[in-house]
Amino acid sequence: LAMKVHTDSLDLQVEGCTLLLEILSQALKQGVMMALDESVASCLLHTVRKHSENEEFLSMLCTLLMMVSASEVAAENLRKVGIIPDLLSILRRFLHNDTICFSCCAVLWSLAVSEDNTDQAGLASAVPVTSAVLQEHLQNGVVAESACSALWALALQGCLADSDFEPTAALLLDALRMNSERARLVQNGCLALASLVRLSETAALAILLDSKGSGTELIKEEYHLHSHEPRVAEALCLLMNEMVQYDEVMLNMRSQKMEKLLSEIKFQFPFS
């Protein structure tokens, strides 16, 4: 309420934001998810719009939005008050800022996986911006991981156009190559690729014929790097399962001796 009454006071907004971050941090440490209501979501959006040029404050505020959106109820309330265009505008303006990009992509992920998702058009407009974030921060594992998660959620919701499949697949492969040691990024990147392949054979062929190297070789390398990570193995298997739905792709995978890799995975995880 204090923040809402004194929207013009940047000092008060900063102090209010700092206090809310501390409260939410303590709550999360205790395992408590705070589902903030629509009026609070509306107040935060109003603050975002009032101080949309202040990069330092927005870094803090976007972190707060990320923590809030961890609650499905709060994420739904943020969607209801229409925060998506504002998030995309912030990302476009501050594409260089890793904190803002990390937080906003995490919020987009929460909004995209929300059960009651009716803002298909808004989410579709998030695809090029999220791709731009991943392109800009390919070598920053933390931000790239957040962007891969957002792209996975957007692909699951069917937000990508036909023209997006090939470049998005190539971009995700770049993220895997540059951050191959990050198990969570590899997992989410493969899940995003699997969602693309499920939608389009173009994406599957883009993985096989990527100009920077064979996608099947990359799959093998990622498994051997993370052979004790069941979630990574599961994501890789899901990706391969989607790829073999296309005859031409399956023939190529056979020629690459992918059955050998599958046997290794089956041997490593016999009870999964």
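Quick one: net charge of residue 227's neighbours, Cβ under 12 Å, K/R +1, D/E -1? Numbers along the way, then the final one.
Details: positive: 220; negative: 221, 222, 229, 264.
So the surrounding residues net to -3.
Taking the Cα centre of segment 73-203 as origin and charging only Cβ (+1 Lys, Arg; -1 Asp, Glu), how large is the dipole, in debye to the nearest 20? Walk me through the intermediate numbers first.
Details: 8 positive and 14 negative charges, 44 e Å.
The calculated dipole for segment 73-203 is roughly 220 debye.
Just to be sure I understand: if I project the alpha-carbon convex hull of segment 160-271 onto a plane and average over all orientations, what area do I get in nm²?
Details: hull surface 25.2 nm².
Average of the hull's projected areas for segment 160-271 equals 6.3 nm².
List residues of segment 166-192, by number, whose backbone nitrogen lies under 15 Å from a label position 7 Å along Cα→C-beta of residue 212.
Under 15 Å, as judged by backbone N against the label point of residue 212, lie 166-182, 186, 189-190 of segment 166-192.
With every protein chain in place, what's the accessible area of residue 92 (1.4 Å probe, Å², nearest 10)?
Surface open to solvent at residue 92 totals about 140 Å².
Angle check, please: helix 230-243 long axis (alpha carbons) against the longest principal axis of the chain (alpha carbons), in degrees 0 to 90, nearest 10.
Between helix and principal axis, roughly 70 degrees.
What's the Cα-based Rg to Rh of segment 1-158, Rh via Kirkwood?
Values: Rg = 14.6 Å, Rh = 15.5 Å.
Rounded to two decimals, Rg over Rh is 0.94.
Simple spin-label model, 7 Å along Cα-to-Cβ: residue 35 to residue 96 in nm?
Result: 4.2 nm between the two label points.
For the chain, take the longest principal axis of its alpha carbons; what is the angle in degrees between that and the long axis of helix 10-29, to the nearest 10 within 0 to 90?
50
How far is the Cα center of segment 156-203 from the Cα center of segment 35-63, in Å?
30
Over the chain, what relative contact order in percent results from Cα pairs under 8 Å that are six or more residues apart? All intermediate terms of the calculation are to be shown ahead of the outcome.
Numbers: 329 pairs, mean separation 32.6, N = 272.
Result for the chain is 12 percent.
From the C-alpha coordinates alone, can you work out the Kirkwood hydrodynamic radius of segment 203-247, in Å? Present the calculation step by step, with values, prior to reporting the outcome.
On the way: mean 1/r = 0.0907 Å⁻¹.
In segment 203-247 this quantity evaluates to 11.0 Å.
Can you tell me how much longer the chain between residue 269 and residue 10 gets when fully stretched, taken as 0.36 nm per residue apart minus their C-alpha distance, in nm with one decimal? Before the final figure, lay out the partial values.
Numbers: separation 259, 0.36 × 259 = 93.24 nm, distance 5.44 nm.
Residue separation times 0.36 nm, minus the Cα-Cα distance, leaves 87.8 nm.
On alpha-carbon atoms, Rg over Rh for the chain using Kirkwood Rh?
Numbers: Rg = 20.1 Å, Rh = 19.6 Å.
A ratio of 1.03.
Compute the acute angle (0 to 90°) between the alpha-carbon long axis of helix 98-112 and the principal axis of greatest extent of the alpha-carbon atoms of the chain; round to the nearest 10°.
80
When you take every Cα atom in segment 59-115, what is the radius of gyration, and what is Dmax, the widest Cα pair distance, in Å?
When restricted to the Cα atoms of segment 59-115, Rg and Dmax are 10.4, 31 Å.
Taking Cα pairs under 8 Å and at least six residues apart, what relative contact order does segment 1-158 come out at, in percent?
On the way: 179 pairs, mean separation 32.3, N = 158.
Computed value for segment 1-158: 20 percent relative contact order.
The values are calculated or read from the model by the stated rules, or taken from the named source; none is laboratory data. All figures in this text were calculated on a predicted structure; none of them were measured in a lab. Because the Cβ atoms are built from the backbone with ideal geometry, glycine has one as well, and the counts that use them run over all protein chains shown. Remember, those area values only see protein heavy atoms, side chains included, never the ligands or the DNA or RNA. Shrake-Rupley method; radii C 1.70, N 1.55, O 1.52, S 1.80 Å.
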